[in-house]
Amino acid sequence: MSLVVAGNPIQIGREIAHGFEGAVHELPGMPGYVAKLYHTTPDPFRARKLQAMAAMPAAARPAGAAWPVAVVLDGAKIAGFVMPRLENRRELHAVCAPAERKRTFPQADYRFLVAVAANLARAFATVHAAGAVIGDVNERLALVDQRATVGLVDCDSFQIDVDGAILTCDVGVEQYQPPEMQGVALRGNRRRRNFDCFGLAVLVFQLLFFNRHPFAGVPLDGAPPSLGEAIAQHRFAWSAEAATRGVSQPPNTLPFTALDDRLRELFERAFGPNGPSEGRHPARAWVKALDSYAAQLVVCRANPQHAHLSGPCPICVIEGRTGTLMFVPRGGAATPALPDFSKMAAHVRAELGQRVLPKAPGFLPSEGNHARRVTGSPVPPALKRPGILDRVLHAVGIGENVWANELTRRDAVVEKTRLAYQAALANWQTALHRDAIASLIRDIGSRCDRLANLHREADAVTVGAAARARNDTLRTWLEAFPIASASIQGVGTTRIAALEGAGIDTAADVTVKALETVPGFGPVLSKRVLAWRKACEVRFKDPTTAGMPAVSAPALAAIRAKGSSLEAAIRDGIVQLDRMIATETARVSGVEADLDRLARDLAQARADRAIMA
């Protein structure tokens with residue numbers, strides 16, 4: 001076979017990829033490019049499309065895509081084409097699936113997934129701007145590098161317009177085709193950009209929701225439909241209308257509220273019944289929405305690889321429920337030994353015991369304390385006690401009873417002073433904060449108890465570490481067996497896609513409960529899949545006999561953080577207690593002085609009244 005490109009012989013290098021249609025080879029004489037050579041000679045339709053693609057001016061080609069730039073000829077027949085080389089990249093599926101991502105993108109975090117999603121949308125937008133339609137959207141359409149850069153491949157299957165003639169894309173994967181294309185013959189069927197936008201939405205969803213297919217929900221009644229049937233029926237499992245369509249979100253998956261309003265709106269339009277008629281949002285709208293979402297994300301306090309909108313971290317919730325880590329834990333400094341929490345609590349209690357608390361006086365100042373030390377004010381000489389005649393005259397309204405007026409005045413002084421004393425007494429009783437101080441002391445004591453008991457949590461971590469180590473290591477072992485590579489009787493490509501759509505990407509995800517939600521998997525197939533998982537587990541080595549570390553550093557770090565939080569709260573409580581004690585001591589002293597003065601005034605007023613009796 002003598003191959004030429006643009007009339008020049010080319011040297012074919014080693015094979016770097018192999019697929020159903022052909023193989024990809026290095027081109028030693030053309031750095032930065034590779035050649036795809038078909039297993040069989042392309043038909044005239046494919047040949048015409050390749051020639052038209054290669055003839056497109058460089059400026060008009062989609063940037064960053066493995067677009068055909070020249071055809072490879074074997075004599076007069078087309079044998080393949082030359083395309084840009086996308087180096088050091090992995091298929092998009094490796095980014096979506098947590099187990100595969102942890103192996104191939106160990107530095108990835110949630111923000112990386114959002115960046116890949118945004119760059120994927122940009123790649124779609126450049127294809128559409130070039131006048132092409134992707135058509136065969138699938139999880140292996142794009143290649144991703146460690147910087148989240150996305151490049152599209154299999155461009156020779158794209159639909160293009162050549163002088164008004166539509167050269168269609170004649171292939172497709174069911175779970176990425178829109179409702180309009182479900183059950184429809186693909187060959188010769190003109191695709192629309194609106195169809196691509198459905199597939200883009202599915203891929204973006206799988207990136208953000210850890211490879212969950214948006215239509216792999218839990219049916220509210222009956223057996224689960226196939227993904228194609230669910231798509232045709234608009235059974236988007238995370239939709240606000242999911243219940244009316246007979247489906248619900250699978251358990252232990254990200255909630256739809258993990259996204260902002262704009263992204264939720266884009267998904268609802270893409271997957272809902274109005275998508276075909278009203279049109280799904282274009283790729284550029286996804287770029288803008290994903291960039292905006294990325295700007296709103298905050299790094300999780302508990303795990304820097306998580307990112308979320310304001311509020312609790314939903315990824316932490318999923319990992320806590322399932323025990324499955326979505327990202328590779330990042331190494332850090334060794335966790336030092338835990339402090340002696342009991343000793344810390346005893347020290348705080350000793351400090352607390354040194355506080356002198358304000359006490360109520362043994363007895364309250366009262367007028368009785370001053371009654372013997374005061375004498376009534378003498379009656380002015382001008383006042384004369386009225387005789388019998390004066391009383392008669394006053395009774396018939398003749399003359400003024402000056403004596404009675406003075407007596408009334410002194411009665412009023414007694415009553416006014418008594419009321420002032422009673423008010424001060426009530427103020428003393430209600431103003432005291434001894435109850436609040438006692439409550440704060442109890443609260444500090446309770447925190448001390450919790451601090452002292454943290455050693456029990458540490459003991460539990462140590463005791464359960466061996467079991468957790470075994471489970472974690474077993475899961476890591478099983479994650480090395482992807483379901484896509486499994487050889488299971490009766491489980492072909494379509495059923496593999498159904499398993500992956502339900503979140504079963506590796507042997508680690510296979511459980512009886514998980515298989516119950518997968519369409520088409522009854523007792524027989526489920527038993528075979530479970531047997532495959534068991535076979536994967538056979539060579540697993542128990543870490544308890546392999547010198548595995550016994551204690552989980554993250555768990556101990558969490559206990560240490562809890563201890564630090566309690567200690568800080570206790571210290572803040574003691575500072576508050578000292579302020580309350582000082583304030584209350586000054587208040588009691590002031591109120592006590594006021595009561596003593598008012599008691600003396602009341603005793604004096606009564607003595608003044610008594611002298612006129």
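See the values below:
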| item | result |
| --- | --- |
| Cα gyration tensor shape of the stretch 136-184, rounded if a/c is under 1.5, else prolate or oblate by comparing a/b with b/c | oblate |
| Mean residue ellipticity (222 nm) of the chain, computed from DSSP H runs ≥ 4 via -39,500 (n - 2.57), nearest 500 | -15500 deg cm²/dmol |
| Relative contact order for the chain, counting Cα pairs under 8 Å that sit 6 or more residues apart, in percent | 13 percent |
| Relative contact order %, the stretch 1-133, counting alpha carbon pairs below 8 Å whose residues are six or more apart | 20 percent |
| Net charge over other residues, Cβ less than 13 angstrom from the Cβ of residue 183 (K, R count +1; D, E count -1) | -3 |
| Neighbour net charge for residue 340 - beta-carbon separation under 13 angstrom, K R +1, D E -1 | +1 |
| Difference of contour (0.36 nm per residue) and Cα-Cα distance, residue 350 to residue 184 | 51.8 nm |
| Mean accessible surface per residue for the stretch 12-132, computed with a 1.4 Å probe while every protein chain stays in place, in Å² | 44 Å² |
| Three-way shape call for the stretch 227-273 based on the alpha-carbon gyration tensor, with the a/c threshold at 1.5 | oblate |
| Relative contact order for the stretch 254-309, counting Cα pairs under 8 Å that sit 6 or more residues apart, in percent | 33 percent |
| Correct choice for Rg/Rh (Cα atoms, Kirkwood Rh) that was computed from the model, options (i) 0.95; (ii) 1.02; (iii) 1.33 | (iii) |
| Percent accessible area from carbon and sulfur atoms, the stretch 1-140, protein chains only, probe 1.4 Å | 53 percent |
| Lys pairs under 19 Å by Cα in the chain, provided they are eight or more residues apart or on distinct chains | 6 |
| Global form of the stretch 178-236, assessed from the alpha-carbon gyration tensor, a/c cut-off 1.5 | oblate |
| Added length on full extension, which subtracts the Cα-Cα distance from 0.36 nm per residue, residue 51 to residue 576 | 180.9 nm |
| Charge dipole magnitude, Cβ of K and R +1, D and E -1 - the chain, Cα centre, debye nearest 20 | 1220 debye |
| Per DSSP, loop GluC sites (Glu not before Pro) in the stretch 49-101 with at most 12 further Cβ within 10 Å | 87 |
| Residue 456-residue 439 pseudo-label distance in nm [points 7 Å out on the Cα-to-Cβ vector] | 2.7 nm |
| Overall dimensions of the stretch 194-351 by Cα: Rg and Dmax, Å | 20.9, 75 |
| Solitary cysteines of the chain, where the nearest other Cys Cβ is not under 4.7 Å | 96, 155, 169, 197, 448, 536 |
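The values are calculated or read from the model by the stated rules, or taken from the named source; none is laboratory data. Note that the structure is predicted; figures quoted are calculated from it, not measured. Positions of Cβ are generated from backbone atoms using ideal geometry, with glycine treated the same way; all protein chains shown enter the neighbour counts. Note: accessible area is taken over every heavy atom of the protein model, side chains too, but ligands, DNA and RNA are not part of it. Shrake-Rupley method; radii C 1.70, N 1.55, O 1.52, S 1.80 Å.
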